[in-house]
There are 6 protein chains.
Amino acid sequence: MMEVASDPLGQVDILCITAHPDDLEISMAGTVLGQIALGHSVGAVELTAGELGTRGTPEIRAQEAEAARKVLQVRFRYQLGLRDGFVHSDEDSLMRVVTAVRRHRPRLVLTTAVRDRHPDHGHASSLVSDACFLSGLRRIRTAVDGRDQDAWRPTTVLHAIQDRWVEPDLVVDITAHWPTKEAALRCFRSQFHDPANTQPQSPISTPDFLPFLEGRAREMGRLIGATFGEGFTTERPPGVVDLLSLR
Amino acid sequence: MMEVASDPLGQVDILCITAHPDDLEISMAGTVLGQIALGHSVGAVELTAGELGTRGTPEIRAQEAEAARKVLQVRFRYQLGLRDGFVHSDEDSLMRVVTAVRRHRPRLVLTTAVRDRHPDHGHASSLVSDACFLSGLRRIRTAVDGRDQDAWRPTTVLHAIQDRWVEPDLVVDITAHWPTKEAALRCFRSQFHDPANTQPQSPISTPDFLPFLEGRAREMGRLIGATFGEGFTTERPPGVVDLLSLR
Amino acid sequence: MMEVASDPLGQVDILCITAHPDDLEISMAGTVLGQIALGHSVGAVELTAGELGTRGTPEIRAQEAEAARKVLQVRFRYQLGLRDGFVHSDEDSLMRVVTAVRRHRPRLVLTTAVRDRHPDHGHASSLVSDACFLSGLRRIRTAVDGRDQDAWRPTTVLHAIQDRWVEPDLVVDITAHWPTKEAALRCFRSQFHDPANTQPQSPISTPDFLPFLEGRAREMGRLIGATFGEGFTTERPPGVVDLLSLR
Amino acid sequence: MMEVASDPLGQVDILCITAHPDDLEISMAGTVLGQIALGHSVGAVELTAGELGTRGTPEIRAQEAEAARKVLQVRFRYQLGLRDGFVHSDEDSLMRVVTAVRRHRPRLVLTTAVRDRHPDHGHASSLVSDACFLSGLRRIRTAVDGRDQDAWRPTTVLHAIQDRWVEPDLVVDITAHWPTKEAALRCFRSQFHDPANTQPQSPISTPDFLPFLEGRAREMGRLIGATFGEGFTTERPPGVVDLLSLR
Amino acid sequence: MMEVASDPLGQVDILCITAHPDDLEISMAGTVLGQIALGHSVGAVELTAGELGTRGTPEIRAQEAEAARKVLQVRFRYQLGLRDGFVHSDEDSLMRVVTAVRRHRPRLVLTTAVRDRHPDHGHASSLVSDACFLSGLRRIRTAVDGRDQDAWRPTTVLHAIQDRWVEPDLVVDITAHWPTKEAALRCFRSQFHDPANTQPQSPISTPDFLPFLEGRAREMGRLIGATFGEGFTTERPPGVVDLLSLR
Amino acid sequence: MMEVASDPLGQVDILCITAHPDDLEISMAGTVLGQIALGHSVGAVELTAGELGTRGTPEIRAQEAEAARKVLQVRFRYQLGLRDGFVHSDEDSLMRVVTAVRRHRPRLVLTTAVRDRHPDHGHASSLVSDACFLSGLRRIRTAVDGRDQDAWRPTTVLHAIQDRWVEPDLVVDITAHWPTKEAALRCFRSQFHDPANTQPQSPISTPDFLPFLEGRAREMGRLIGATFGEGFTTERPPGVVDLLSLR
């Protein structure tokens, strides 16, 4: 069921669970880079292969995603085999996410926007939230390669903000990592604006999309006095230790 | 009390009432240009001279505002003499706004953000709202040059969005007018980034501010499928005649 | 599966997608009449036949709906065969709505309330929203009569307000069309108050229901200075071209 | 300063504190009648004489208010002498309300809407809230006729809903009292629609206003399964003893 | 399918429908006791057996629930056989709840929190709401022991507040019943803190949980001037008869 | 005007600006202790002397406040001379707060709740917010002891939560400091429950108040998995550097 681009069994500090290849790059790549720079390990899974994308093919998108993974130094990236366009919280979908969470035992999960232009994002947001809770119930039994998995519940689940504006609960300064985020985005040649591409236009392939993304990052940065930022919403108020560490 | 840059007695379709010189250009210049292009007349008053601005002087700002007025083809622009930094809804302030509204008899008032980084903006927003209501009460007596004014109530009051993000209730496509908005902003040389300026930095004089404003316009435009937009909040749901005219 | 009252293949400017026969008349008939008066074409589909309605039968309700269709001059009206009382976003339901949207290629979709007394309305609201998005993905394949359909995404989806009050984002003046809306409502003799009807009472068959609907229309009208209005909520801020066209 | 229509010194169970004569009748008369029918005593004070009203005069309005008082069987009704159109929370205004609250020692205060078309209503709402708190501080000294007043804090303050819709926190069934509410409204001949009246039109003197008020009452009633209702917002969740007493 | 602890066929005034054994005790036991003291009858059903609970077993939990039922003097308590951790609104689940509602014909239903730490609670909240509506549709056919059930719709559905804070719409004073609520909680020995228990810790088995619950009750009580309270949210504003009965 | 308990001229990292003596202890003492333990310096000013407090006298309250200051190891504590019960944003009040902010040049300001049972708290919250902005405008001139003050704007302003529940944006774990917070609270013998005290009861002198405060701290702690916490609201989303530092 799963196509594994790198060692998927390793524990990571942070697991990104998004709906489609390129969601991570659009909504949280700067944050991923910043947390890696602080010494934290990061892995990525996508619920679907993005097989309904207007442009490209699942194969091309997988190659693009792998190239972007290397740019971001994310440890692994693989897909959970849900159906693009029809993400919802049925038991099979929940158990696939539970299995991934228990495999990688992250303290922090970064996932999709609570609501967005693409309905998969809101549905994935609920699915991942519920699965992170269920993953902590030891009486839900899962196994990988014939070995039982232990229960695991991440301490924190944060929801990125992707296309539609959502008021963020916290913002991460990504100024230092903006050029690398841009490089990761450029890996998705099939998806974004390319004058040579003759496939039909999509809402993210117009010439306006990447400048909009830069505008979004400046909008988020402005809130914390930085040039570029990425915003997230929380599921409960975060516990802050050192108030003077806040920007 | 009032310094009149052009005939202030004329009736206009739209009256912009902002707190400081340059608020209009930052938050609603593209909309002003678009409405003028549709044939509507626009005038502008500012509550204060912006005398607390970190950079420039009231005199320099007045010259800049007049230059921007010409770029925007706004019919007139003058100030109401309230105190920068201390805008609030006392009777004298209310009556100055009532007098301006009755003088220009606008069907539409565009005013400041309902809440913002600068507290004057939120306070001005309440002041202008209340004054637009009071202006319609014939038993509130006002006179200009010894002549009694008639009561007048604008049909609609819209609140711009300036520094802090506020969820807009409607967005105006300003793509065609973006270059002219930029030209109007550049008139305020004392306020925005200028490597040659040795005055202290302010939150709008950093190199990040104008790119942030472009980002904001792209953010607003994205919501309606345009390259650039300006957003507004309403005080009551607007009445829409032709639903297919909505973008 | 579908019972077609008139040519269902035609393109229309506006497609009404509601849950039960009479939802259209209760919540959006005045708006439909007004848009037709402006020269726009309108069609209607219902998700279900209203087979759980306390009064009447699906057959009677279909006759009533057809009579009301003629009053409103809606081009066609047919049902999508979902199950009354159990509307939800499964794949079959989504694909039925996608097929209808692609068949009629509307620029505007008017659909049910985002939340309401009847749970079908809120569920239909989500279903139709998601389907309007999916309809624009060319890799979702649908066919009618053996012919592939092209992808199509409406520019705007508006949600009506039916029984429970929901704060409207925009209001349409229906004063001129109120008598015709009332005439369309009277077509549903089985549903509304009728002293001669001996079937059990429902929440819409009491003598209070039609006066309540008039009250609702006056409430909505009051917000825009009209006698009668219908309110809608938006999914994103609407783009407005001429601000002086707002009432 | 105060014109007393009946014994103003008496204690009442419920004190209505509104901004202008006729606010009580428009927004809470049915509730007043219902509570009196349950055996509770009710008094009324208005902050202003409504001297800015487009129609009528303070004298005429006072006569109308007194006639309505008799219809409603409210024990007393007098005015606190604040300035119509300029209601705000200065110390003098606060102390006038404190004095009235201490004089009548009500367990429940009914006051104006938290926000409304008329800005006085929102300002009065804040003023009365703050004054009800301050009234409970024994170190704020007030006296009437040379006698010190005791501190008094009402248990509950409820805010009526008048022109603009505000989502109610609770609704009172006024079906039995609707005809008497209408009779009380009709006392205000100078304010509401009267074809013989040649004074300028106001937003409440149009032929649409009283039918709108009926519509509002039906809208509120619908929420609780009654024909007519009046809604209120609370300042804190109410404590309910018998859950089966809720309608 | 159902394990019946007492006569389940009886009509009750109030039916508690929660997701897991102990939800009732945690979130609404004081209210249940208070309503019984007023003379109202109360029954309880749980959607699931709590079979995923970290501690205890379904058998132990059933014994604990029965012991607590006796403490609370609830007439009956049984389970509907849904799957713990996977509560959602499919047709089978809806029909099981409809059947229970029609069996007991309650005027008031008390159910789970609209959102909570445990995702089952939010899902159960929607499920029970929808089922209470569907239960009133006579064309939905259900039978018990071969006898058709009559349609029934509760007047009111209130949602308790359990782990995560939700702003209450009304609060019930449970001061007099706090000791008995504590006694009912202590029946669930397997679930809450017990130094002798060697099973894995859960979020409700820590030493902090019961003191937190007391804190929650004090927090709710404070809002209405009582020592202990339980809060609820409503689905529509409640109709209140005697405003002076509010605390 | 100011009574200085310790060197008031010193710069501090964190300045607490509350309305009345004991506000700091009730709403933020645990946080103050925790930040001091991390090495940050903290000072405190109160807007008023609490001269309207039902119990005690300004002199007694000043002694209690000084005793509590020592317990908390806050560097200084003095009052700004505003009038208890009548806190509002007039120019004199704003300038007193500006002067204090410029004197102590804090990076972080902790102030009162955005809304609360006591209206002074909400008014103080607005006043302090506005003053922190104005303090950064160099053209607002202030002087202390004849020396001009430099402009200063705190990076962050956080609003505590005191009596009425407000949904927190972030929570600080105060478990380690709870006993010392209790000790600081006990310094205010005149204000809280004391069976020997014969002065009139106030809402904070009942036997329920301190247990309620413990309940509040447990409620806040529960949100972040701690035993005790204090919550705060933000004015803009905070910038977080290390996401794994969040609790």
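The values are calculated or read from the model by the stated rules, or taken from the named source; none is laboratory data. Just so it is clear, the structure is predicted and the values come from calculations on it, not from any experiment. Positions of Cβ are generated from backbone atoms using ideal geometry, with glycine treated the same way; all protein chains shown enter the neighbour counts. For accessibility, only protein heavy atoms count, side chains too; no ligands or nucleic acids. Shrake-Rupley method; radii C 1.70, N 1.55, O 1.52, S 1.80 Å.
Identify the single condition in (1) part of a loop (DSSP other than H, G, I, E, B); (2) touching a residue at least 40 places away in the same chain (Cβ under 8 Å); (3) buried (at least 18 other Cβ atoms within 10 Å of the Cβ); (4) out of contact with any strand residue (DSSP E or B) (no Cβ under 8 Å at 6 or more places or on another chain) that B:Leu137 does not satisfy, given that it satisfies every other one.
With (1) part of a loop (DSSP other than H, G, I, E, B); (2) touching a residue at least 40 places away in the same chain (Cβ under 8 Å); (3) buried (at least 18 other Cβ atoms within 10 Å of the Cβ); (4) out of contact with any strand residue (DSSP E or B) (no Cβ under 8 Å at 6 or more places or on another chain) applied to B:Leu137, the lone miss is (2).
With the requirement that a residue be surrounded by 13 or more Cβ atoms within 10 Å (Cβ to Cβ), more than 22 Å from the chain's Cα centre (by Cα) and farther than 15 Å from D:Glu91 by Cα, what does segment D:140-157 give you?
To start, the set of residues in segment D:140-157 that are surrounded by 13 or more Cβ atoms within 10 Å (Cβ to Cβ) comprises D:140, D:142, D:144, D:149, D:151-157.
Narrowing the set further to residues that are more than 22 Å from the chain's Cα centre (by Cα) leaves D:140, D:142, D:144, D:149, D:151.
Within segment D:140-157, D:Val144, D:Gln149, D:Ala151 meet the criteria.
Would you check if C:Thr156 is among the β-branched types (Val, Ile, Thr), touching a residue at least 12 places away in the same chain (Cβ under 8 Å) and within 28 Å of A:Arg115 (Cα to Cα)?
Numbers: among the β-branched types (Val, Ile, Thr): yes; touching a residue at least 12 places away in the same chain (Cβ under 8 Å): yes; within 28 Å of A:Arg115 (Cα to Cα): yes.
In short, yes.
Which of the residues belonging to segment B:85-106 are open to solvent by less than 40 Å² (accessible area, probe 1.4 Å) and not in a helix (DSSP H, G or I)?
B:Gly85, B:Phe86, B:Val87, B:Pro106
Within the set of pairs 6 or more residues apart or between chains, which connect a residue that is at the interface with chain E (Cβ under 8 Å from one of its Cβ atoms) and in contact (Cβ under 8 Å) with a residue 40 or more places away in the chain inside segment D:217-235 to a residue that is small (Gly, Ala, Ser) and open to solvent by less than 10 Å² (accessible area, probe 1.4 Å) with Cβ atoms less than 6 Å apart?
Final answer for the pair search is D:Ile224/E:Gly239; D:Gly229/D:Gly221.
Listed residues B:Arg186, B:Arg164; which is basic (Lys, Arg), open to solvent by 50 Å² or more (accessible area, probe 1.4 Å) and in contact (Cβ under 8 Å) with a residue 40 or more places away in the chain?
Result: B:Arg164 is the single residue among B:Arg186, B:Arg164 that is basic (Lys, Arg), open to solvent by 50 Å² or more (accessible area, probe 1.4 Å) and in contact (Cβ under 8 Å) with a residue 40 or more places away in the chain.
Among residues belonging to segment C:189-200 that are open to solvent by 50 Å² or more (accessible area, probe 1.4 Å) and not small (Gly, Ala, Ser), point out the one that is farthest from the other protein chains (Cβ to nearest Cβ). Full working, then the answer.
Initial filter on segment C:189-200 (open to solvent by 50 Å² or more (accessible area, probe 1.4 Å)): C:189, C:193, C:195-196, C:198-200.
Checking which are not small (Gly, Ala, Ser) leaves us with C:189, C:193, C:195, C:198-200.
Values: C:Arg189: 19, C:His193: 13, C:Pro195: 17, C:Thr198: 14, C:Gln199: 10, C:Pro200: 6 Å.
Across segment C:189-200, the extreme among qualifying residues is C:Arg189.
For the subset of segment F:62-77 comprising residues that are buried (at least 17 other Cβ atoms within 10 Å of the Cβ), aliphatic (A, V, I, L, M) and more than 13 Å from the chain's Cα centre (by Cα), which member is farthest from F:Val144 (Cα to Cα)?
F:Val71
Out of everything in segment E:223-247 that is of a type in the set (D, E, K, R) and under 23 Å from the mean Cα position of the chain (by Cα), what residue ends up being farthest from D:Ala226 (Cα to Cα)? First the steps, then the outcome.
Step one: of segment E:223-247, the residues of a type in the set (D, E, K, R) are E:230, E:235-236, E:242, E:247.
Among the residues that remain, those that are also under 23 Å from the mean Cα position of the chain (by Cα) are: E:230, E:235-236.
Numbers: E:Glu230: 28, E:Glu235: 16, E:Arg236: 13 Å.
Among them, the one singled out is E:Glu230.
What residue, of E:Leu80, E:Leu127, E:Leu110, is touching a Lys or Arg at 6+ places or on another chain (Cβ under 6 Å), open to solvent by less than 20 Å² (accessible area, probe 1.4 Å), touching a residue at least 40 places away in the same chain (Cβ under 8 Å) and not in a loop (DSSP other than H, G, I, E, B)?
Details: E:Leu127 fails: touching a Lys or Arg at 6+ places or on another chain (Cβ under 6 Å); E:Leu110 fails: touching a Lys or Arg at 6+ places or on another chain (Cβ under 6 Å).
Sole residue among the options that is touching a Lys or Arg at 6+ places or on another chain (Cβ under 6 Å), open to solvent by less than 20 Å² (accessible area, probe 1.4 Å), touching a residue at least 40 places away in the same chain (Cβ under 8 Å) and not in a loop (DSSP other than H, G, I, E, B): E:Leu80.
Of the conditions (1) open to solvent by 10 Å² or more (accessible area, probe 1.4 Å); (2) at pLDDT 95 or above; (3) not aliphatic (A, V, I, L, M), B:Glu219 fails just one. Which one is it?
The number of the failed condition is (1).
Which number in (1) away from chain B (no Cβ under 13 Å); (2) farther than 25 Å from D:Thr227 by Cβ; (3) not β-branched (Val, Ile, Thr) marks the one condition that C:Glu214 misses?
(2)
Would you mention how many residues in segment E:102-126 are more than 22 Å from E:Gly30 (Cβ to Cβ) and in contact with a helix residue (DSSP H, G or I) (Cβ under 6 Å, 6 or more places away or on another chain)?
Residues that pass the stated criteria total 1.
Of E:Asp150, E:Asp116, which residue is farther than 22 Å from E:Ile174 by Cβ and in a loop (DSSP other than H, G, I, E, B)? Show your work before the answer.
On the way: E:Asp116 fails: farther than 22 Å from E:Ile174 by Cβ.
Sole residue among the options that is farther than 22 Å from E:Ile174 by Cβ and in a loop (DSSP other than H, G, I, E, B): E:Asp150.
Report, by residue number, each residue of segment B:132-163 that is at the interface with chain D (Cβ under 10 Å from one of its Cβ atoms) and of a type in the set (A, V, I, L, M, F, W, C). Steps first, please.
Filtering segment B:132-163 for residues at the interface with chain D (Cβ under 10 Å from one of its Cβ atoms) gives B:132-134, B:136-140, B:151, B:153.
The answer is B:Cys132, B:Phe133, B:Leu134, B:Leu137, B:Ile140, B:Ala151.
Would you please name the residue that is nearest to the other protein chains (Cβ to nearest Cβ), looking only at residues in segment A:88-115 that are under 15 Å from the mean Cα position of the chain (by Cα) and under 30 Å from C:Arg138 (Cα atoms)?
Here the answer is A:Leu110.
Residue by residue through segment B:36-61, note down the ones that are more than 14 Å from chain F (Cβ to nearest Cβ) and either open to solvent by less than 30 Å² (accessible area, probe 1.4 Å) or in a loop (DSSP other than H, G, I, E, B) (or both).
Once the filter is applied, which keeps residues that are more than 14 Å from chain F (Cβ to nearest Cβ) and either open to solvent by less than 30 Å² (accessible area, probe 1.4 Å) or in a loop (DSSP other than H, G, I, E, B) (or both), segment B:36-61 yields B:Leu38, B:Gly39, B:His40, B:Ser41, B:Val42, B:Gly43, B:Ala44, B:Val45, B:Glu46, B:Leu47.
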